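Below is one structure, written out as structure tokens; comments come after it.
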Amino acid sequence: MSITPQQLELLMEEVEQEDPIDFADLPFDEHDLRALIANHLCEMADAMDNFSEEDKQLTLLAVAAKLVLENMVLNVQLLRRHGLPLSDSTAALLSRLRKGE
């Protein structure tokens, strides 16, 4: 892999500056969680060494899409549980779904 887990952690932190993650009251250190995920993703990428570039891109896109979907579902569930409104972007996406777009 052309990036180390430590470099990936730094990139994750940079992205989080624009869109912070609420670690709430999880019983884990956020830096430890970030390191765990960075290591896991670098291991996944290393396991794709024999993939073509197109297959690597498709696999990473599929993984990203699954994670975004999972995040949206968990976010909507959490907001509903606490009786809070959806974000504008989530509401817009769900509106598109209801309209069949």
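Could you grab the pairs with beta carbons closer than 9 Å, sequence gap of 6+ or different chains, first residue in the stretch 71-87 and open to solvent by 60 Å² or more (accessible area, probe 1.4 Å), second one modelled with pLDDT under 90 and of a type in the set (Val, Ile, Thr)? Pairs that qualify, where the first residue is open to solvent by 60 Å² or more (accessible area, probe 1.4 Å) and the partner is modelled with pLDDT under 90 and of a type in the set (Val, Ile, Thr), are Asn75/Thr90. Being loosely packed, with under 10 Cβ neighbours inside 10 Å, without any contact (Cβ under 8 Å) to a residue 40 or more places away in the chain and among the acidic types (Asp, Glu) is a description that applies to Asp19. Taking the stretch 22-48 as the range and being open to solvent by 70 Å² or more (accessible area, probe 1.4 Å) and under 15 Å from the mean Cα position of the chain (by Cα) as the test, the residues that pass are Asp22, Glu30, Leu36, Ile37, His40. In a residue-by-residue description of the stretch 89-97, the property of being within 24 Å of Glu9 (Cα to Cα) and surrounded by 10 or more Cβ atoms within 10 Å (Cβ to Cβ) applies to no position. When the helices (runs of 4 or more DSSP H) confined to the stretch 18-101 are screened for residues that are under 24 Å from Gln6 (Cα atoms), of a type outside the set (Gly, Ala, Ser) and not assigned by the TED database to the domain that holds Thr4, those reaching at least 2 such residues are found at 53-81.
Being hydrophobic (A, V, I, L, M, F, W, C) and touching a Ser or Thr at 6+ places or on another chain (Cβ under 8 Å) holds for only one residue in Met12, Met72, and it is Met72.
The values are calculated or read from the model by the stated rules, or taken from the named source; none is laboratory data. Owing to the predicted nature of the structure, the values given are computational and were not obtained by experimental measurement. Please note: Cβ atoms are built from the backbone with ideal geometry, for glycine as well, and neighbour counts cover all protein chains shown. In case anyone asks, the SASA skips ligands and DNA or RNA and just uses the protein heavy atoms, side chains included. Shrake-Rupley method; radii C 1.70, N 1.55, O 1.52, S 1.80 Å.
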